[in-house]
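The values are calculated or read from the model by the stated rules, or taken from the named source; none is laboratory data. Values in this document were obtained by computation on a predicted structure and should not be read as measured data. Here Cβ is always computed from backbone atoms with ideal geometry, including for glycine, and neighbour counts include all displayed protein chains.
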Amino acid sequence: VIVDNKPGAGGTLGAAITAKAPADGYTLLVHSAGHLVNPWIYKGLSYDTLKDFAGITPMASLPNVLVTAPSHFADVKDLVAKVKAKPGSFNYGSAGNGSATHMNAEVFRLAAGIDAQHVPFRGTPEAMTEVMAGRVDWFFAPMVSALPLIQAASCRRWPWARASARRRCPMRRPRWRPACRAPNTCSGSGCSRPRKRRSR
Amino acid sequence: VIDRLQAEVAKIMVSPELKERLEKLGAEPFTMPSAQFNKFIVDETAKAQQVVKAASIKVD
């Protein structure tokens, strides 16, 4: 198996190359949840997300946790109250436009009815660094990346309960239950192969 | 071909070694038959469209 990493533009570069590959089962695309967001935010994609790929299987579910710098907010309720008191003066990071960390933050923002500035970063490490430094107020971090830092207590966390029955998360259950509808805070990774184009 | 690939991946994903590795990372295996996955993709893509619209997300 040859793994050919084609990062960039939210995964659309790799997807575009895969879409043009022969549909023989030898070329596969491993993509993130952003694959399903990209058609709505990138204009002029050279492929059709639904028509040019055939899904094989999802692979893993990666829960996100809401993290902030330790000194910024006491809990989620406090966060919502502070942002409501000063709309537009807070910001939140993401691992890039259209990424799951971005979408989860938007779902949270809409559900909580708060107004804040989105700051897209190149990836999760950059966003985490800025949150820990306190320059970014919050970030829906993938558990994978946040866990070591949370355990080291360099940032505060409240895992949202999208606790499906099968999920066994290494973190404790959240003590605070959101007043708003709990957003879906899972990002994911799937595997699709190019679908035969109808025109050929 | 798709079903065979799906079955192979599903087999790997339920292996205890991989499960343990994923859990240590804070992730969990997540598989479903390809027909169901394709429906999932269609549904989730539609949901993404709603969020993008509601939040007026634009890439400059």
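Odds and ends about this structure:
- Test result for A:ARG173, more than 28 Å from A:ILE17 (Cα to Cα) and modelled with pLDDT of 90 or more: no
- The number of residues in the range A:7-38 being farther than 21 Å from B:LYS53 by Cα and assigned to a loop (DSSP other than H, G, I, E, B) comes to 10.
- If you check A:VAL67, A:VAL119 for being at pLDDT 90 or above and more than 30 Å from B:ARG4 (Cβ to Cβ), only one passes: A:VAL119.
- In the set A:THR101, A:THR27, only one residue is among the polar types (S, T, N, Q) and within 21 Å of the chain's Cα centre (by Cα); that residue is A:THR101.
- Of all residues in the range A:1-47, those that are in contact (Cβ under 8 Å) with a residue 60 or more places away in the chain, crowded, with 19+ Cβ neighbours inside 10 Å and of a type in the set (A, V, I, L, M) total 4.
- Considering the range A:122-151, and only residues there that are assigned to a loop (DSSP other than H, G, I, E, B) and charged (D, E, K, R), the residue that is farthest from the other protein chains (Cβ to nearest Cβ) turns out to be A:ARG135.
- Among all positions in the range A:61-70, there is no residue which is without any contact (Cβ under 8 Å) to a residue 60 or more places away in the chain, within 11 Å of another protein chain (Cβ to nearest Cβ) and either under 22 Å from the mean Cα position of the chain (by Cα) or buried (at least 16 other Cβ atoms within 10 Å of the Cβ) (or both).
- Every residue from the range B:30-54 that is farther than 29 Å from A:PRO22 by Cβ and surrounded by 13 or more Cβ atoms within 10 Å (Cβ to Cβ): B:LYS47, B:GLN49, B:VAL51, B:VAL52
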